[in-house]
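Worksheet for the structure shown next.
The values are calculated or read from the model by the stated rules, or taken from the named source; none is laboratory data. Small disclaimer: the values here were computed from a predicted structure and weren't measured. We place every Cβ from the backbone using ideal geometry, glycine too, and count neighbours over all the protein chains shown. For accessibility, only protein heavy atoms count, side chains too; no ligands or nucleic acids. Shrake-Rupley method; radii C 1.70, N 1.55, O 1.52, S 1.80 Å.
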Amino acid sequence: MAAQPPTVPRGKTSLDKTLKKSEEVAADVQRASDNLAVVNTVLEQELPDEVQVGEVAQAIEQTGQLEQKLARSAEKLAEVNAALSEEIEKRREVTAERDESQALAEELKARIRSDNKH
């Protein structure tokens, strides 16, 4: 029987590495969103209304918009990561099935050769 190629362990494929990097980016984006939300809250609550005019008001509004955009981006990245993780698992299962089929085929070929010799 021919040697069966080993299934690549979790975390070793290029997709696994891509997923890990994407998860790190998602965590960074989420942290940035959280930090910006804190900054925006502090600006809105700590600056008196009479100071929250002109450029200061625009800056406060922009931090709020950026925080929302970052939060949406973090959500999208989480969705992409979940889909990528699912795809990795599907590929792992398909590879294991292929390996089993190849091993069975090799075993059957060996039996046929053996039977033909007798």
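Within the stretch 94-113, the set of residues being within 20 Å of Thr13 (Cβ to Cβ), surrounded by 11 or more Cβ atoms within 10 Å (Cβ to Cβ) and either without any contact (Cβ under 8 Å) to a residue 60 or more places away in the chain or not small (Gly, Ala, Ser) (or both) comprises Thr95, Arg98, Asp99, Glu100, Gln102. Can you confirm whether Arg31 is part of a helix (DSSP H, G or I) and either open to solvent by 80 Å² or more (accessible area, probe 1.4 Å) or free of Cβ contacts under 8 Å to residues at least 24 places away in the same chain (or both)? So Arg31 passes the test.
Taken over the stretch 62-93, residues that are open to solvent by 60 Å² or more (accessible area, probe 1.4 Å), closer than 15 Å to Asp28 by Cα and among the acidic types (Asp, Glu) amount to 1. Pairing residues of the stretch 56-73 that are of a type in the set (D, E, K, R) with residues that are surrounded by 13 or more Cβ atoms within 10 Å (Cβ to Cβ) and part of a helix (DSSP H, G or I), at Cβ distances under 8 Å and at least 6 apart in sequence or on separate chains, gives Glu67/Ser33; Glu67/Leu36; Glu67/Ala37; Glu67/Asn40.
Output yes when any residue across the stretch 53-61 is modelled with pLDDT under 95, over 30 Å from Lys109 (Cα atoms), surrounded by 11 or more Cβ atoms within 10 Å (Cβ to Cβ) and of a type in the set (D, E, K, R), and no when none is. Within the stretch 53-61, one or more residues are modelled with pLDDT under 95, over 30 Å from Lys109 (Cα atoms), surrounded by 11 or more Cβ atoms within 10 Å (Cβ to Cβ) and of a type in the set (D, E, K, R).
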